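The values are calculated or read from the model by the stated rules, or taken from the named source; none is laboratory data. Owing to the predicted nature of the structure, the values given are computational and were not obtained by experimental measurement. Using ideal geometry, Cβ is built from the backbone for each residue, glycine included, and neighbour counts are taken over all protein chains shown.
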Amino acid sequence: MISIGRKPNIDGLKIENAGILLDDKGRIQTDENFRTNVKNIFAIGDVKSGPMLAHKAEEEGIAAAEYIAGGQPHINYNSIPSVVYTHPEVAWCGYTEEELIDKNIKYTIGQFPFLANSRAKTTGTMLIVSNLKDDSEGFVKVLSSDDGKLMGAHIIGPNAGEMISEAVIAIEYGASAEDIARTCHAHPVRFYIDNIRP
């Protein structure tokens, strides 16, 4: 796969007629409440900065509507999951190690391979018998602050896009890695979580 990035799709919007400002990457500039430089025009989703993800755009749409209606919405962009729908899937939320280093936050790493899980082994065997690609490979990595708070999660492997949701909830509500590990989980997640405590 060759990927050179994505760009906002603003063709045909005729935003130049409205005098809306763009940034250096051709995205619509907004403030923290999604308002453009034109008082009554708001922008969300792929036309503005941030990840180009449908679920991020939906969160911004709800928040923008709440703001327009007089509310004080908040989006925690750190808890918005990113998923690459490839085979294997890649999913993450929260901080990366590089971001934690840049922010001078001390952290610990918990990591666990899918292959050490009996379900992954069984699933992989069944797929090999069926002449399909082996789905037993992959891993989960979590980053926790010194006080145990979950700071980031990264998953590569089958169903990563579904499994990342639990880390998203944990980050949104300030849970620790231990909070997650003490919660009962069905396989395969249980085994992964129980073994990635930093």
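Taking the conditions (1) more than 22 Å from the chain's Cα centre (by Cα); (2) among the hydroxyl-bearing types (Ser, Thr, Tyr); (3) within 30 Å of Glu89 (Cα to Cα) in turn, Tyr67 satisfies each one other than (3). A count restricted to the stretch 54-77 and to residues that are over 24 Å from Lys149 (Cβ atoms), of a type in the set (A, V, I, L, M, F, W, C) and not in a helix (DSSP H, G or I) stands at 1. Do we have any residue at all in the stretch 72-90 that's buried (at least 16 other Cβ atoms within 10 Å of the Cβ), among the charged types (D, E, K, R), within 22 Å of Glu162 (Cα to Cα) and in the same structural domain as Glu162 (by TED's automatic domain parsing)? Yes, some residue in the stretch 72-90 is buried (at least 16 other Cβ atoms within 10 Å of the Cβ), among the charged types (D, E, K, R), within 22 Å of Glu162 (Cα to Cα) and in the same structural domain as Glu162 (by TED's automatic domain parsing). Residues being more than 26 Å from Tyr173 (Cβ to Cβ) and free of Cβ contacts under 8 Å to residues at least 60 places away in the same chain are represented in the stretch 55-68 by at least one member. Scanning the stretch 78-109 for residues that are of a type in the set (A, V, I, L, M, F, W, C), farther than 21 Å from Glu172 by Cβ and assigned to a loop (DSSP other than H, G, I, E, B) yields no hits at all.
Scanning the stretch 88-141 for residues that are charged (D, E, K, R) and modelled with pLDDT of 65 or more returns Glu89, Glu97, Glu98, Glu99, Asp102, Lys103, Lys106, Glu137, Lys141.
Of the residues making up the stretch 26-60, those that are over 24 Å from Ser79 (Cβ atoms) and not polar (S, T, N, Q) are Gly26, Val38, Lys39, Ile41. Against the list (1) closer than 30 Å to Glu137 by Cα; (2) without any contact (Cβ under 8 Å) to a residue 40 or more places away in the chain, the condition Gly26 fails is (1). Being in contact (Cβ under 8 Å) with a residue 12 or more places away in the chain, surrounded by 12 or more Cβ atoms within 10 Å (Cβ to Cβ), within 24 Å of Leu150 (Cβ to Cβ) and not assigned by TED's automatic domain parsing to the domain that holds Val168 is not true of Gly45.
Every condition in (1) surrounded by 13 or more Cβ atoms within 10 Å (Cβ to Cβ); (2) touching a helix residue (DSSP H, G or I) at 6+ places or on another chain (Cβ under 9 Å) holds for Ile68 except the one numbered (2).
Filtered by the rule that a residue be surrounded by 16 or more Cβ atoms within 10 Å (Cβ to Cβ), within 25 Å of Gly94 (Cβ to Cβ) and polar (S, T, N, Q), the stretch 12-42 gives a lone residue, Thr30.
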